[in-house]
Amino acid sequence: MSYEIVARPHQQNFIDWSADKPEVVVLTADLTNSCEVGKWRDAYPDRYFSMGMAEQNMLGVAAGMAREGLEPWLHTFAVFLYRRPLDQLQMSIAYPALKVRLVGFLPGIMTPGGVTHQAIEDFAVLRAIPNMTILEVGDATEAESVLDVAHAIDGPVYIRQLRGEVSRIFPQDEPMVLNRARLLSTGDEITLVTSGIMTEEALRAIPLIQAQGVGIQHLHVSTIKPFNDPEVIRAITSAKHGVVTMENHSIVGGVGSAVAEIMAEHGSTSPLKRIGIRDTYAHGASQKHLMAELGLNAQSLVSAIEQLLGRSLNIEPATLAAARVVDVHSSAKAEAL
Amino acid sequence: MYKSSLDILMFNCLYSQDEFDLKPAMLQRSVVLKVNGSVPQQKKLSDIATGIRQRVLAHSLKNNGGYMSQACSSAELLSCIYGGLVNLPELDTPMLPGEFAGTPGLDGLNRTTGIDFHGGRHADMDRLVNSPAHYALVIYAAMIETGRLAEDALDHFNKDGSTVEMIGAEHSPGFETTTGSLSQAISQAAGIALARRTRHETGNTWVFMSDGEFQEGQTWEALQAASFYGLNKLKVIVDVNAAQCDGPMDQVMTIEPLQTRVESFGWKVARVDGHDTDAIFAAGSIESDQPLMILCYTDGTRGLPLLQERYPVLHYLRFTSDQEKSKYEQAYEEMTR
């Protein structure tokens, strides 16, 4: 399976989108080109604020701007938006429910930058913060349409954004909608909930699994908080053999946990298999290597479904191996990080 | 580098911590206020300062505790802040503190802040962001003394359901931000000043800070950014009382030499006797293309020498015996005589 590859879907789209929104300003922390806003800076120099490598202050400045009616869009790597400045995020932005947009790049294991650059627990941390809305982009269409979703929210929004070469999985005329999952396949035996880049990974395996006569209801979620889409609740409480979640995140506190909470609250007795980073840190290596090492791949999905069904699906690992993996040294990225 | 009159000011203000020898009689600067009603009246800043100390001491006696030393150190500088140094819109009548309506939420829920007690937002007027939320009791007293807060507001201090909270938050009178986690106000004020500059507003944005906040890294990030952006309408006034929760700052973690440190970050710095209102006003009128910081060196026992018996633990006054309390009752009677 292959999809159209879009180079830097955020870059020009964000420039065009900002044209009629003078309240939108951009703050960066020394990762302007790495977050695809170098051209935005050149297009709107008066609305661009370089804050240097000083994220605690950057979040505070953004809060002050938001109190004055501006809409700051902070662009940096995801880890630097919630780890170091967590107190500032909570007290300066989240408590007053300010319209600050935290655009975090390099979610999960998408960078060879190692543990310091890999945001593997951002959902867990941010889901616990009142007033936060959490969005995750799964393809180029969502990388584009997430802007309107975030813009409409009168409160802080954290976005797991994609950059560089990004697949277009969803039609461009089917934009992201807040708290509405995309139903990608139907079936009554297994419910599968995926988010972010794991959706594309799952889509590679699903036809092979379906070919074995397994009915899969597959939902792609892009709103991680709030997490109460009735369609998602219906799907995860109605699976005959069980539920599988797949996320580019720790299995603690992310999509798998959110699904588990709903299942428990609705009295679901189905088993749940959470595919994600199993409560460990990652390290500096390619996305392909880390996905295989940590089990964030189609093979894990096949295994999880086999366990839920109690039978082998007889899918050869080699059959699953035709992955599209982004070249670390892609020319669509500012540096190899 | 200073103008000649400023040179004299600087010369006069270079003293060590044990050289506080200015007599209250010197403090004759006055301000026209609509205190307790709409009839304007002349009120000496020295009377405002004395009133602040009296109110905080009376409250501490009544409640067996209070931030008394902060009142002693900052009474004069707060009398300046609320007595004309900061150009805040006048209120027709002192405001009553409201009940706590609930925490802020999405879609504009509970967004009212204590800015109303400062007269709201006006392009040509100043703004005041109070940073050290632990000074709340003292700030409330200063606002009562200057006709912004109702006379009996301290009856609601630290009472369940009241906005007159012990550690002021953004719903509390005179507070625009939630900065009980210290050092977050200066970044937000920088953001406010930057946003106001984009609108070509002429008013200044002031921040009242405590010296302990200079131990936090965020403060220096903010100083760096304010200097980088040449925010000459950002003005910070600091109560340098050299005391913090654990004791004297030079034993906990020194911040000195503060003046040269802040100057080296590109700020214009005036170092003054924080009990000399003329010196504070003179410093406030310094014209500069850099952000301005007024370091007010103060004595945490000024006006209440009895507190010296508790040195070096001045952060919070709680009476250890009836005998001690009666001494403070006696001091209160002398203060109000």
Checklist entry - Looking at the square roots a ≥ b ≥ c of the eigenvalues of the Cα gyration tensor of segment A:182-309, which shape do they give, rounded for a/c under 1.5, prolate if a/b is larger than b/c, or oblate? => result oblate
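Give me the net charge for the shell around B:Arg29: Cβ to Cβ below 13 angstrom, other residues only, Lys and Arg +1, Asp and Glu -1. Show your work: numbers first, answer last.
Working: positive: B:Lys43, B:Lys44; negative: B:Asp47, B:Glu76, B:Asp276, B:Asp278.
Surrounding charge for B:Arg29 is -2.
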Next on the checklist: Neighbour counts of other C-beta atoms within 10 Å: give me A:Phe170, B:Phe208 arranged from fewest to most.
Outcome noted: A:Phe170, B:Phe208
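Within 10 Å of each residue's Cβ, count the other Cβ atoms and sort B:Arg199, A:Arg274, B:Arg271, B:Arg29 from fewest upward. All intermediate terms of the calculation are to be shown ahead of the outcome.
On the way: B:Arg199 10, A:Arg274 22, B:Arg271 25, B:Arg29 19.
The order, fewest Cβ neighbours first, is B:Arg199, B:Arg29, A:Arg274, B:Arg271.
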Checklist entry - Cα axis of helix A:9-18 to longest principal axis of chain A: angle in degrees, 0 to 90, nearest 10? => result 50
Checklist entry - For segment A:245-294, taking Cα atoms only, what is the radius of gyration to one decimal and the Dmax to the nearest whole Å? => result 12.9, 41
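Could you tally the net charge around A:Gly284, taking each other residue with its Cβ under 15 Å from the Cβ of A:Gly284, Lys/Arg +1 and Asp/Glu -1?
Working: positive: A:Lys288; negative: A:Glu293, A:Glu335.
Charge balance near A:Gly284 sits at -1.
For chain B, what class follows from the C-alpha gyration tensor (a ≥ b ≥ c being the square roots of its eigenvalues): rounded when a/c is under 1.5, otherwise prolate if a/b is larger than b/c, else oblate? Could you put the intermediate results ahead of the total?
Numbers: a/c = 1.37, a/b = 1.10, b/c = 1.25.
Rounded, because the longest to shortest axis ratio a/c is under 1.5.
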Checklist entry - Setting aside same-chain residues fewer than 8 positions from B:Lys268, which lysines have a Cα under 21 Å from its Cα? => result B:Lys3, B:Lys233, B:Lys235
Item to check | Computed label-point distance, nm, for sites A:Tyr281 and B:Glu333 using a 7 Å Cα→Cβ extension | outcome: 6.5
Checklist entry - What is the total of Lys pairs in chain A with C-alpha atoms under 23 Å apart, excluding same-chain pairs fewer than 8 positions apart? => result 8
Checklist entry - Which lysines does B:Lys159 reach when only Cα atoms under 20 Å apart count, and residues fewer than 8 places away in its own chain are ignored? => result B:Lys62
Checklist outcome for this item: With only helices counted (DSSP H, runs n ≥ 4, each -39500 (n - 2.57)), the per-residue ellipticity at 222 nm for chain A, to the nearest 500, works out to -9000 deg cm²/dmol
Checklist outcome for this item: One finds the C-alpha centres of segment B:140-202 and segment B:63-99 to be spaced, in Å, by 10
Item to check | Sequence of A:Ser92, B:Ser79 once ranked by neighbouring C-beta atoms within 10 Å, starting from the fewest | outcome: B:Ser79, A:Ser92
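Under Stokes-Einstein, with the Kirkwood radius over Cα pairs standing in for Rh, what whole-number D in µm²/s applies to the protein assembly as shown at 25 °C and 0.890 mPa s? Could the numbers behind the result be given before it?
Values: Rh = 27.4 Å.
Rounded to a whole number, D works out at 90 µm²/s.
How big is the dipole moment of segment B:118-195 about its Cα centre under a simple scheme where the beta carbon of each Lys and Arg is +1, that of each Asp and Glu is -1, and everything else is neutral? Debye, nearest 20, please. Could you put the intermediate results ahead of the total?
Details: 4 positive and 10 negative charges, 50 e Å.
My answer is approximately 240 debye.
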Checklist outcome for this item: Within segment A:1-30, the residues whose backbone N lies under 16 Å from a label point placed 7 Å from the Cα of A:Ala211 along the Cα-to-Cβ direction are A:1-2
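We did not get these values from a lab; they are worked out from the coordinates using the rules stated. The shown structure was predicted, so the numbers you read here are calculated from the model rather than taken from an experiment. Note that each Cβ is placed from the backbone with ideal geometry, even for glycine, and that neighbours are counted across all protein chains shown.
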